[in-house]
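**Q** Got a structure for you, written out below as structure tokens; questions coming shortly.
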């Protein structure tokens, strides 16, 4: 990640990368997938920023309130944990919407058929 690149620029680059992966998506799913790709791209760029902030500043933050001071979880870490959970969920949704890859001739060793025909598995 280049520091001078804006979050929008990095999100756009990720959106384009995801778009290439989902170029063959069914037209019926296109709007849903497009929205998910945009959210995933933005979240990825946000996660990169949060990771840098946490790495630079540590996971604990010295909190001062009046004469009291104590360490607490860094606020960026809370945001990171929430965002990574949401990002993972969006990526899972995208993966499930992607067309199943057809088995290629030489790659099929017959195990899937064998296992599905067995009653004791």
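The values are calculated or read from the model by the stated rules, or taken from the named source; none is laboratory data. What you see is a predicted model; the values in this text were computed from it and never measured. For neighbour counting, all protein chains shown are included, and Cβ atoms are generated from backbone atoms with ideal geometry for every residue, glycine included.
**Q** Check 47, 21, 36 and return the single one that is closer than 17 Å to residue 96 by Cα and at pLDDT 95 or above.
**A** Sole residue among the options that is closer than 17 Å to residue 96 by Cα and at pLDDT 95 or above: 36.
A quick yes/no check of all residues on (1) closer than 21 Å to residue 20 by Cα; (2) exposed (fewer than 14 other Cβ atoms within 10 Å of the Cβ); (3) modelled with pLDDT of 90 or more:
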{"position": "62", "(1), (2), (3)": "no, yes, no"}
{"position": "68", "(1), (2), (3)": "no, yes, yes"}
{"position": "83", "(1), (2), (3)": "no, no, yes"}
{"position": "95", "(1), (2), (3)": "yes, yes, yes"}
{"position": "101", "(1), (2), (3)": "yes, yes, no"}
